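Okay, so here's the structure we're looking at.
Please treat every number below as a calculation from the coordinates, not as lab data. Please read all numbers here as calculations on a predicted model, not as lab measurements. Cβ atoms come from the backbone with ideal geometry, glycine included; neighbour counts cover every protein chain shown.
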Amino acid sequence: IRDRDEEVNFFILEKMLQHVLDDLTIVHAINGAEAIEVCKADKDISLIFMDLKMPIVDGFEATKEIKKLRPQVPVVALTAYTSPEKREKAVSVGCNDFFTKPINENTIKKVISKFLTTE
């Protein structure tokens, strides 16, 4: 059973992304293992928003594995974790940036302008 809060978080993120970018495809992995598999299968992924607290494989391990497969793809941690230690760990496994929840549209715009070329 999926966590209702996580579904709501995804819905909010999806709506903010759609508001900021006109033409995008959003893929939602419900756990870290699925995130790794999606990145193996879909070579068109250009940006990953990674929740660090996920079932089966957490976001730290998923990021580490994804960076082995696709080192050029930016991974942005979106998490409820706020400690400097968690931030350092996220960066050490390959996260390119780190934002704590809740996020807002300005955060999304910063991430998009930093990591995606919108031509």
Q. What residue among A33, A62, A90 has the largest mean-square fluctuation in a Gaussian network model of the chain, using Cα springs under 10 Å?
A. A33
**Q.** Relative contact order of the range 11-119, pairs being alpha-carbon contacts under 8 Å that are 6 or more residues apart, as %
**A.** 25 percent
Q. If the cut-off is 24 Å between C-alpha atoms, which lysines fall inside it for K101, apart from same-chain ones fewer than 8 positions away?
A. K15, K53, K64, K67, K86, K89, K109, K110, K114
Q. Gaussian network model of the chain, Cα springs within a sub-10 Å range: biggest mean-square fluctuation belongs to which of E61, E88, E14?
A. E88
Q: Any chance you could run the full-extension gain for N104 through D44? It's 0.36 nm times the residue separation minus the Cα-Cα distance, nm to one decimal.
A: 19.1 nm
Q.
Give me, ordered by chain and number, the residues 5 or more places off L78 or on other chains with an amide H under 5 Å from its own placed amide H.
A. M50, D51, L52, F99
Q: Take the eigenvalues of the Cα gyration tensor for the chain, scale each by 5, and report the square roots as semi-axes in whole Å, largest first.
A: 19, 17, 16
Q.
Can you divide the C-alpha Rg of the range 55-119 by 2.2 N^0.38 Å and report the result to two decimal places?
A. 1.14
Q: Pop the C-beta distance of I112 and E85 into the FRET formula with R0 = 35 Å and round what comes out to the nearest 0.05.
A: 0.80
Q | Calculated [θ] (222 nm, deg cm²/dmol) that DSSP helices of n ≥ 4 give over the chain, each run adding -39,500 (n - 2.57) | A | -15500 deg cm²/dmol
